[in-house]
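Note sheet for the following structure.
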Amino acid sequence: MEYGRRRRRKAYRTSKSRMGSDASSGAGRAMIVLLMIAAIVYLVSASAAGTWLAEHVMAPAFEALASYTGKEAPIEDTPVEDVQQVSLSTDGSSVSANIALPALDCYALQMGVFSSQDNAEKQAQALQGQGAGGYVLQDGDRYRVLAAGYAQEAEAKEVKDRLVNEGMDCT
């Protein structure tokens with residue numbers, strides 16, 4: 001009977017020895033945990049559930065805590081000066097005044113003119129689906145479809161040129 005020499009297996013290397021140090025993985029884990037906590041806080045505070053929690057859970061908890069500790073928010077007595085009493089009259093008299101506002105110039109991109117309001121509304125909805133404003137302006141018996149308005153003529157011209165290059169028809 002012949003006995004063969006068995007090879008001895010090397011010990012399994014741990015992940016610590018393969019990575020060199022686990023300091024970086026600890027920092028990575030901490031960062032992931034912080035990001036997850038921040039995401040949860042954001043989702044809860046920015047949703048209807050967050051509003052409900054704030055109104056029905058957190059507010060009563062803080063009120064109970066304030067009454068338990070006996071410390072309430074200090075109320076400052078500040079004297080009120082120059083109070084003018086105003087009464088609403090129901091006798092139908094009213095005062096009207098003209099006010100002057102500075103002129104406002106607006107440059108709009110017109111995407112079409114229609115004699116039918118339904119067609120103009122359809123065009124406006126199609127523009128809104130593409131990310132534009134899609135406004136309908138009634139001008140006599142015509143309905144003008146406007147993509148967007150701009151404060152500067154140069155801005156409107158730049159957008160118009162880009163839309164024409166993309167194959168859109170606008171004036």
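The values are calculated or read from the model by the stated rules, or taken from the named source; none is laboratory data. As the structure is a prediction and not an experimental result, all values here were calculated from the model. Cβ sites come from the backbone with ideal geometry, for glycine too, and all protein chains shown count toward neighbours.
Can you pull out every residue in the range 126-141 that is more than 27 Å from the chain's Cα centre (by Cα) and either surrounded by 13 or more Cβ atoms within 10 Å (Cβ to Cβ) or within 15 Å of CYS106 (Cα to Cα) (or both)?
Quick first cut of the range 126-141, residues more than 27 Å from the chain's Cα centre (by Cα) only: 137-141.
Residue satisfying the conditions is LEU137 alone.
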Residues that are closer than 16 Å to TYR107 by Cβ and surrounded by 13 or more Cβ atoms within 10 Å (Cβ to Cβ), drawn from the range 142-151: ARG144, VAL145, LEU146, ALA147, ALA148, GLY149, TYR150
Residues of the range 152-165 satisfying the condition of being surrounded by 14 or more Cβ atoms within 10 Å (Cβ to Cβ) and either touching a helix residue (DSSP H, G or I) at 6+ places or on another chain (Cβ under 6 Å) or of a type in the set (A, V, I, L, M, F, W, C) (or both): ALA156, VAL159, LEU163
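Could you tell me which residue of the range 152-171 is modelled with the highest pLDDT, considering only residues that are of a type in the set (Val, Ile, Thr) and more than 11 Å from TYR107 (Cβ to Cβ)?
Quick first cut of the range 152-171, residues of a type in the set (Val, Ile, Thr) only: 159, 164, 171.
Among the residues that remain, those that are also more than 11 Å from TYR107 (Cβ to Cβ) are: 164, 171.
Numbers: VAL164: 86, THR171: 74.
Only one residue tops the list, namely VAL164.
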